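Here is the structure we will look at.
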Amino acid sequence: MNKSTVPSRSSKSKSKKSKRIVISPEHAERIARMRKGSTKLRRRFIEDMALHKFSSSTQERYLSAALHFCAYYWKSPVDISDDEIRAYLNYQTKERHLSNGSMGIIHGSLLFLYDKTLRQERPTLNIFRTKKDSPEKVILSQAEVRAALRCVRDIRYRTVLELIYCCGLRETEALNLKLGDVDYRRGLLSIFGKGGKRRQVPLPERMAQKLQALWESHRHPELFFPAYHSHRRPGEPRSGVLDRPIHSQTLLNVLQRAVTESGCRKKINIHTLRHCYCSHMLEEGAPMQAVKNNMGHRSLNTTSVYAHYTTKIKRAGADAVEKLANNLSR
């Protein structure tokens, strides 16, 4: 098996956490070589995933996981035994300490590869199970969101971040918004969401005005949030338009700098604004079913989790506890 090295980073947390081990240079080189090639089996695997109606992102992750797996043993998956699969899963969980989410992708990829494409039985894949990670969501207060977004001065970056927050959109849903997706007369956005599903989301009038002003600033024939030209001299303002949306990492950098500048020390990402939308909507008394529909959640249970984060609901619960305690002192 491949030997791996442990990064020498010290943990600042009180509880000692396991370190994720990076793959060996030999393994990385094999992966790079495999990505450049193409085989009949790989094409069949990709075709099967498309027929199964996996999303494009799932297909990319499953293919990457399969390539990592084959590169690890440097042989065709047909020739990899069940015991070797067991050893690989143990290596990823016990030595590399991958998260449950990462292990779920590896397991899903191998299960589909052997069960659907190769039609070969591998008992270990039927035994292996992963739990879903459920990290605590970071929720900014309405005042914190307002302060952070005021620190974003570029019109494209600020407008897309405000849109994500005001309409509860996913990052890709907002960045890929097209001119034809906005119904100004009815005040609605037509969103092409997760799983290829369309949904309509209410668009606040003020947000509609900001979208119009943004488009007039660049007048791209299709996109609301086209990327800037990448080549510019130091100190020059960003300008121009490309025929692709703003890169997600660029937007994340902008938001994180703005949050820090506003004085907030919470660790956030772009999806934090979507979490904030859901929490703040419930906080302001919006019906949970309406919030569920706007968010594009499959289940009301997913939406109801956010009620735990709403300040007003927490305060109402605290007031009830106070009344119970007061009754005891009468």
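Name the pairs: first residue in segment 174-202 and touching a residue at least 40 places away in the same chain (Cβ under 8 Å), second residue aromatic (Phe, Trp, Tyr), Cβ to Cβ under 6 Å, at least 6 apart or on different chains?
Correct list of pairs: Leu175/Phe225; Leu177/Phe224.
Against the definition (at pLDDT below 90, in the same structural domain as Ile155 (by TED's automatic domain parsing), of a type outside the set (A, V, I, L, M, F, W, C) and surrounded by 15 or more Cβ atoms within 10 Å (Cβ to Cβ)), how does Tyr306 come out, yes or no?
So Tyr306 fits the description; yes.
What are the pairs, 6+ residues apart or on separate chains, where a residue within segment 208-226 that is farther than 16 Å from Glu173 by Cα and of a type in the set (A, V, I, L, M) has its Cβ under 7 Å from a residue that is crowded, with 17+ Cβ neighbours inside 10 Å and at pLDDT 95 or above?
Within 7 Å, the pairs are Leu214/Arg156; Leu214/Thr159; Leu214/Phe224.
For segment 170-220, what are the residues that are aliphatic (A, V, I, L, M) and more than 30 Å from Phe54 (Cβ to Cβ)?
Of everything in segment 170-220, those that are aliphatic (A, V, I, L, M) and more than 30 Å from Phe54 (Cβ to Cβ) turn out to be Leu203, Met207, Ala208, Leu211, Ala213, Leu214.
Return yes or no: is Leu163 assigned to a helix (DSSP H, G or I), surrounded by fewer than 20 Cβ atoms within 10 Å (Cβ to Cβ) and modelled with pLDDT of 95 or more?
The answer is no for Leu163.
Considering only residues that are loosely packed, with under 14 Cβ neighbours inside 10 Å and either of a type in the set (S, T, N, Q) or under 16 Å from Ile164 (Cβ atoms) (or both), which ones fall in segment 261-303?
Selection gives Gln289, Ser299, Asn301, Thr302.
Would you mind stating whether Glu95 is touching a residue at least 60 places away in the same chain (Cβ under 8 Å) and over 30 Å from Asn301 (Cβ atoms)?
yes
Return the residues of segment 200-225 that are surrounded by 14 or more Cβ atoms within 10 Å (Cβ to Cβ) and in contact with a Gly (Cβ under 8 Å, 6 or more places away or on another chain); say none if nothing qualifies.
Passing the criteria: Val201, Pro202, Leu203, Ala208.
Please determine, by comparing only the residues of segment 92-126 that are more than 20 Å from Leu63 (Cβ to Cβ) and buried (at least 16 other Cβ atoms within 10 Å of the Cβ), which one is modelled with the highest pLDDT.
This residue is Thr124.
Which ones in segment 187-199 are assigned to a helix (DSSP H, G or I) and loosely packed, with under 15 Cβ neighbours inside 10 Å?
Once the filter is applied, which keeps residues that are assigned to a helix (DSSP H, G or I) and loosely packed, with under 15 Cβ neighbours inside 10 Å, segment 187-199 yields Gly195, Gly196.
List every residue pair whose Cβ atoms sit under 9 Å apart, with the two residues 6 or more apart in sequence or on different chains, where the first one lies in segment 230-258 and is at pLDDT below 90 and the second, anywhere, is not in a loop (DSSP other than H, G, I, E, B).
Hits for this filter: Arg238/Arg156; Gly240/His218; Gly240/Pro226.
Could you tell me which numbered condition Arg129 fails, if it satisfies all but one of (1) out of contact with any helix residue (DSSP H, G or I) (no Cβ under 7 Å at 6 or more places or on another chain); (2) modelled with pLDDT of 95 or more?
It fails just one condition, (2).
Given the criterion over 26 Å from Thr58 (Cβ atoms), out of contact with any helix residue (DSSP H, G or I) (no Cβ under 9 Å at 6 or more places or on another chain) and not assigned by TED's automatic domain parsing to the domain that holds Ala307, identify the matching residue among Arg219, Arg146, Arg233, Arg185.
Arg233
Kindly evaluate Glu136 against the criterion of being assigned to a loop (DSSP other than H, G, I, E, B) and under 25 Å from Leu252 (Cβ atoms).
The answer is yes for Glu136.
The values are calculated or read from the model by the stated rules, or taken from the named source; none is laboratory data. On a predicted model such as this, the values are computed, not experimentally measured, just so you know. Note that each Cβ is placed from the backbone with ideal geometry, even for glycine, and that neighbours are counted across all protein chains shown.
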